[in-house]
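Trainee: Pasting a structure below so you can have a look.
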Amino acid sequence: MIRRVTTGDLPDALRSPPDEPVVWAVADADPLPAWVVSDALTVPELARVARTTHPRARAQFVRGRTVLRAALGLLLELPPHRVPLTLTPDGKPVLDPAAGCDLHFNVSHTDGVAVFAVGPVPVGVDVETHRDGRDLFGLVDRFFTPDEREQFRALPAELRAAAFLRGWTGKEAILKGVGCGVRELANCAVDLDPRRPPAVRRSPDGADWKLTGWVEAEVAFAVAVQAV
């Protein structure tokens, strides 16, 4: 359903349009590979950087957009700053349909790492680090559906942290893939049980979405792919 690669392998993976989503992660502490050029951002993006006062948010945007433009440039055979990005009414970055680019992508950041996906079908990604001390029941009550809340409470206590991360990242990945934002949280539900493969129970757009997830060093990743 997806192909996970390293940033070093990305030029080969994107040598031609992929027939399945390609997913990769970049840690903030890692040096960027040589194929990622430093002058990838456009004038409006540089203006956005100048308006961003929070240092971490500014660094995340610069690094994430630079890697994204470089990767899309490999696929489209364009200089990164010429990749025709635009925004949907909901603010989701997409390739400009007027440019005839039939590709989809998504990006997500958390503290210390970003995850990217690009492919021939709508795709959404999310990444979240494990954090001790969070009020899991309070977050589940606020952001999860009634069925998810019931399932969460029925799970053994030792599985709830993993269940929360699965639910949080899975729901975010679907919402980002659809491009509808958190206003559709009530219409998005996933299977929380970490003992089973990830599964979508309800999607906001009614489409068939497939979900994949994994954990590396207490960082949870989720990828949602629209089935065709």
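A short reminder: the numbers here are calculations on the coordinates, not readings from a lab. Owing to the predicted nature of the structure, the values given are computational and were not obtained by experimental measurement. With ideal geometry, Cβ positions are generated from the backbone for all residues, glycine too; neighbour counts draw on all protein chains shown.
Trainee: Could you work out how much longer the chain between Asp102 and Arg56 gets when fully extended? Use 0.36 nm per residue separation minus the Cα distance between them, nm to one decimal. Walk me through the numbers before you get to the answer.
Mentor: Numbers: separation 46, 0.36 × 46 = 16.56 nm, distance 3.22 nm.
This chain segment gains 13.3 nm when fully extended.
Trainee: Around Val113, which amide H atoms from residues at least 5 apart in sequence, or from another chain, sit under 5 Å from its own amide H, with H modelled in the peptide plane?
Mentor: Here the answer is Asp28, since their amide H atoms fall under 5 Å of that of Val113.
Trainee: By how many nm would the segment from Asp9 to Leu46 lengthen if fully extended, with 0.36 nm per residue of separation less the alpha-carbon distance?
Mentor: Working: separation 37, 0.36 × 37 = 13.32 nm, distance 2.82 nm.
Additional length available on full extension: 10.5 nm.
Trainee: Of the listed values (1) 52, 39, 33; (2) 42, 42, 38; (3) 70, 35, 32, grab the one calculated as Cα extents along the principal axes in Å from the structure here.
Mentor: Matching the structure shown: (1).
Trainee: Let me ask something additional. R0 = 22 Å: FRET efficiency of Arg142 with Ala227, Cβ-based, nearest 0.05?
Mentor: Details: r = 30 Å, r/R0 = 1.34.
So the FRET efficiency works out to roughly 0.15.
Trainee: So, one more: Only sites in a loop by DSSP and with at most 15 other Cβ atoms within 10 Å count here; which GluC sites (Glu not before Pro) in segment 156-228 make the cut? Intermediate values should be presented prior to the final figure.
Mentor: Working: sites: Glu158, Glu172, Glu184, Glu216, Glu218; in loops: Glu218.
Listed in order of number, the matching sites are Glu218.
Trainee: Go ahead and run the numbers for FRET between Glu77 and Asn187, Cβ-Cβ distance against an R0 of 30 Å, rounding to 0.05.
Mentor: Details: r = 39 Å, r/R0 = 1.29.
So the FRET efficiency works out to roughly 0.20.
Trainee: If one computes the Cα centroid of segment 163-228 and of segment 75-128, what distance in Å separates the two points?
Mentor: 18
Trainee: Work out how much length Ala29 to Ala199 would gain on full extension: take 0.36 nm times their residue separation and subtract the Cα-Cα distance, in nm to one decimal.
Mentor: 58.0 nm
Trainee: Same structure again: Kindly state, to the nearest 0.05, the FRET efficiency for Arg153 paired with Lys92, given R0 = 41 Å and r defined as their beta-carbon distance.
Mentor: 0.80
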